[in-house]
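Report on one structure; see the data block that follows.
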Amino acid sequence: MADIKVDVLVIGAGPTGLGAAKRLNHINGPSWLILDANEKAGGLASTDVTPEGFLYDVGGHVIFSHYKYFDDCIDEALPKPDDWYTHQRISYVRYKGQWVPYPFQNNISMLPKEDQVKCIDGLIDAAMAARVATDKPKNFDEWILRTCGEGVADVFMRPYNYKVWAVPTTKMQCQWLGERVAAPDVKLVTRNVILNKTAGNWGPNATFRFPARDGTGGIWIAVSDTLPEKNKRYGEKGEVTKVDAEKKIVTLKDGATVGYDKLINTMAVDHLVEKMGNQELITLSKGLYYSSTHVIGVGIRGERPERIGDKCWLYFPEDNCPFYRATIFSNYSPYNQPQADVKLPTLYKADGSKADSSEAKPGPYWSIMLEVSQSGMKPVDEENILKDCIQGLINTEMIKPEDEIISTYHRKFDHGYPTPSLEREGVLKELLPKLQAQGIWSRGRFGSWRYEVGNQDHSFMLGVEAVDNIVTGAVELTLNYPDFVNTRANTERRLDQPFYSAGTPPRELPSRQRA
């Protein structure tokens with residue numbers, strides 16, 4: 001017999017696990033418990049704070065949403081207007097010493113003339129080939145060539161995506177793309193080249209929100225705080241060491257056992273099957289690929305330079321820096337770095353030379369957050385990664401050699417990006433149903449391994465929809481139909497709506513008056 005028994009057990013208090021817990025609490029039906037090995041909620045959407053007081057999200061996260069239920073839940077957790085800042089995305093690609101507005105493929109008017117010609121040639125060839133094509137692209141590389149042409153592929157899409165995914169584009173499928181990658185409009189691109197104009201903002205995150213205090217992790221701590229304490233076990237008492245799917249018992253690090261009827265798992269599915277000890281599923285999970293992510297933070301003394309301005313995040317396809325993306329994290333909130341009157345010493349100058357003085361001095365301060373990918377196909381010099389990134393910032397004119405570095409941050413995430421590999425769908429179509437047949441709904445960024453529904457809003461709703469599927473049999477739209485949820489306003493669920501499970505009579509609704 002287990003020490004604790006619940007109807008639904010949730011493993012992981014990241015966005016997916018909290019989505020499930022929030023829905024279970026809303027339903028107020030099945031008994032439930034949420035576990036997490038960390039002392040605080042957030043998972044891969046947490047925020048770290050350096051000793052000097054600089055905040056860094058554990059990756060590039062912003063809030064934009066496809067779902068009203070998600071909006072309701074985070075607005076309930078952080079309800080005051082001054083809890084949030086709203087930003088217009090200011091995003092560029094660094095290419096040959098200049099800033100090209102995002103998306104690159106719609107703004108080749110900014111490129112040198114020889115690159116414009118190469119890209120236009122490729123776009124025209126691709127458009128002509130698309131008119132007679134009778135089959136679909138077999139991989140991401142073919143999709144790039146068919147939509148963008150050889151020129152854009154060579155100067156941006158191939159090198160940039162290799163830096164992001166840490167695998168060649170030929171080894172990735174293209175079903176995941178959806179709203180993630182902008183397909184260029186050949187007429188618009190050509191018109192802009194002739195008129196020397198740039199294209200406007202594109203994508204669902206052209207406007208986004210960011211919490212005023214505590215970084216992205218503060219959102220999920222606040223959401224967790226809306227849940228009853230009796231239903232949460234965080235820290236060592238919530239760390240899972242074994243999952244017995246046959247007996248439906250989970251063993252925790254402190255020795256406690258939890259029995260369940262249904263399990264919603266949000267840890268990486270390859271880790272889950274190892275804790276289950278199921279050799280068939282372990283072998284199957286070996287077909288899933290991922291890259292690791294290094295998050296680097298650099299805190300700098302001085303006013304934010306004009307050349308940086310109000311930029312949000314920036315892309316780097318070239319090999320003059322190891323990072324693929326830089327976020328001006330201090331632009332998201334004035335509380336993401338120490339206040340100007342805080343006195344801090346200089347660690348060293350950006351070029352590595354010794355600081356002029358070891359005396360603690362006041363700010364102001366600003367900060368940059370960088371991301372570097374790693375895999376067996378893209379090795380990283382981990383020992384020198386911080387030094388290489390700072391040199392990359394100098395190479396790309398983000399900072400100057402004489403800038404004073406006040407604080408640095410480096411954290412590696414073994415599971416950074418779930419790779420949409422060519423093998424992925426074949427594995428998931430077998431692995432996820434086998435788990436569900438044993439009463440386990442594996443969901444989330446790495447729980448269900450679908451990057452195309454891996455944003456915070458998607459992840460949260462994967463948990464919500466898993467609960468609805470368990471309780472009422474409702475279809476999990478986000479998991480099974482990513483393109484559908486990404487192209488509509490999903491308003492069916494609201495936090496202020498009462499929930500009626502099977503067998504509960506609905507409230508009487510007024511009949512329509514006849515004319």
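Where a number appears in this text, it was derived from the coordinates with a stated rule and is not lab data. Just so it is clear, the structure is predicted and the values come from calculations on it, not from any experiment. Because the Cβ atoms are built from the backbone with ideal geometry, glycine has one as well, and the counts that use them run over all protein chains shown.
Relative to the compact-globule estimate of 2.2 N^0.38 Å, the Cα radius of gyration of region 171-301 comes out at 1.64. Kirkwood radius for region 277-363, taken over all pairs of different Cα atoms as the inverse mean of 1/r, rounds to 17.0 Å. Treating each Cα of the chain as an identical point scatterer and summing with the Debye formula, the log10 of I(q)/I(0) at q = 0.08, 0.13 Å⁻¹ comes to -0.55, -1.34.
Computed about the Cα centre, the dipole magnitude for region 246-333 is approximately 180 debye when only Lys and Arg (+1) and Asp and Glu (-1) carry charge, each at its Cβ.
Each part gets one Cα centre, and for region 84-105 versus region 385-399 those centres are 18 Å apart.
The stretch between Lys242 and Asn25 holds 75.5 nm of extra length on full extension. This uses 0.36 nm per residue minus the Cα-Cα distance.
According to the calculation over all Cα-Cα pairs in region 70-209, the P(r) per 5 Å bin from zero is 2, 9, 16, 19, 18, 13, 8, 6, 5, 3, 1 %.
Using the Cβ-Cβ distance between Asp125 and Gln98 with R0 = 25 Å, the FRET efficiency computed as 1/(1 + (r/R0)^6) comes to roughly 0.45.
Sorting 19-26, 188-195, 448-455, 237-244 by average packing, meaning the other beta carbons within 10 Å per residue, from highest down gives 19-26, 448-455, 237-244, 188-195.
With the convex hull drawn over the C-alpha atoms of region 321-432, the volume per residue is 142 Å³. Ordering Gly287, Val155, His26 by Cα displacement along the dipole of the chain toward the positive end leaves His26 in first place; charges were set at the Cβ atoms of Lys, Arg (+1) and Asp, Glu (-1).
The packing ranking of peptides 148-157, 336-345, 267-276, 352-361, highest mean first, is 148-157, 267-276, 336-345, 352-361, where packing means the average number of other beta carbon atoms within 10 angstrom of each residue. Placing dummy labels 7 Å off each Cα toward the beta-carbon, the span from Asp341 to Ser358 is 2.8 nm.
The distance between label points at Lys286 and Asp261 comes to 3.8 nm (points 7 Å beyond Cα on the Cα→Cβ vector).
Say the dipole of region 104-229 comes from +1 at the beta carbon of Lys and Arg and -1 at that of Asp and Glu; which of Cys174, Val193, Cys119 then lies farthest toward its positive end? Final value for the positive-end residue is Val193.
Straight-line cross-link reach from Lys434 at under 15 Å between alpha-carbon atoms covers these aspartates and glutamates, not counting any fewer than eight positions away in the same chain: Asp244, Glu246, Asp270, Glu274, Glu280, Glu425. Our estimate of slack between Gln438 and Ala474, defined as 0.36 nm per intervening residue step minus the Cα-Cα distance, is 11.1 nm.
What you get for region 1-125, charging only the Cβ of Lys and Arg (+1) and of Asp and Glu (-1), is a dipole of about 280 debye around the Cα centre. Its Cα centre serving as origin, the chain has a Cβ charge dipole (Lys and Arg +1, Asp and Glu -1) of approximately 1020 debye. Taking a straight Cα-Cα cut-off under 30 Å and skipping sequence neighbours fewer than 8 places away in the same chain, the lysines within cross-link reach of Lys96 are Lys113, Lys118, Lys163, Lys171, Lys187, Lys197, Lys311, Lys349, Lys378, Lys387, Lys400, Lys412.
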